[in-house]
């Protein structure tokens, strides 16, 4: 699916995702959109993950599920609507640890009438052969902006 209003610096065609949301984008493409003001970055990881593992400066932290217990965040819908702005017109790019929770969150955003993309690979990427994250893709490995407390 082509993304409307794609900045010239970003690829024009994110991977199509006929699974109930606008599509999948690479971390680099998401950052290009955010940097150009063409999207809002929403980090759907838990507060604990953002605090302990790292976060993207300027991203909206809005947990899909909250630790401990991984209960659904009852304020998620309201938070997404606020992130998308008045009328829900802003494109959302959703980030989680590895690109799994952000798919579920993108589907929910779409149900709410919002345009949402999943960021492939997530913040940390998939686990490697030793079950360590951060070596096989992800926002951090690609050298995109992030901080750690």
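What the table below lists for this structure:
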{"read-out": "Fewest-first ranking of 90, 147, using other Cβ atoms within 10 Å as the exposure measure", "value": "147, 90"}
{"read-out": "Two-site label geometry, residue 19 and residue 142: point separation in nm, points 7 Å out along Cα→Cβ", "value": "1.7"}
{"read-out": "Rounded FRET efficiency, nearest 0.05, which uses the C-beta distance separating residue 126 from residue 81 and R0 of 35 Å", "value": "0.70"}
{"read-out": "Peptides 98-107, 55-64 ordered by average Cβ neighbours within 10 Å, highest first", "value": "98-107, 55-64"}
{"read-out": "Alpha carbon convex hull of region 32-119, volume per residue in cubic angstrom", "value": "86"}
{"read-out": "Value of relative contact order over the chain, rounded to a whole percent, pairs C-alpha under 8 Å and six or more apart", "value": "24"}
{"read-out": "For region 68-140, alpha-carbon Rg over 2.2 N^0.38 Å", "value": "1.24"}
{"read-out": "Relative counts (whole %) of C-alpha pair distances in the chain, using bins that are 5 Å wide", "value": "2, 11, 21, 24, 22, 13, 6, 2, 0, 0"}
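Just so you know, all these numbers are worked out from the coordinates, no wet-lab data involved. Source: prediction; values computed, not measured. Counting neighbours? That spans all protein chains shown, and the Cβs are built from the backbone with ideal geometry, glycine included.
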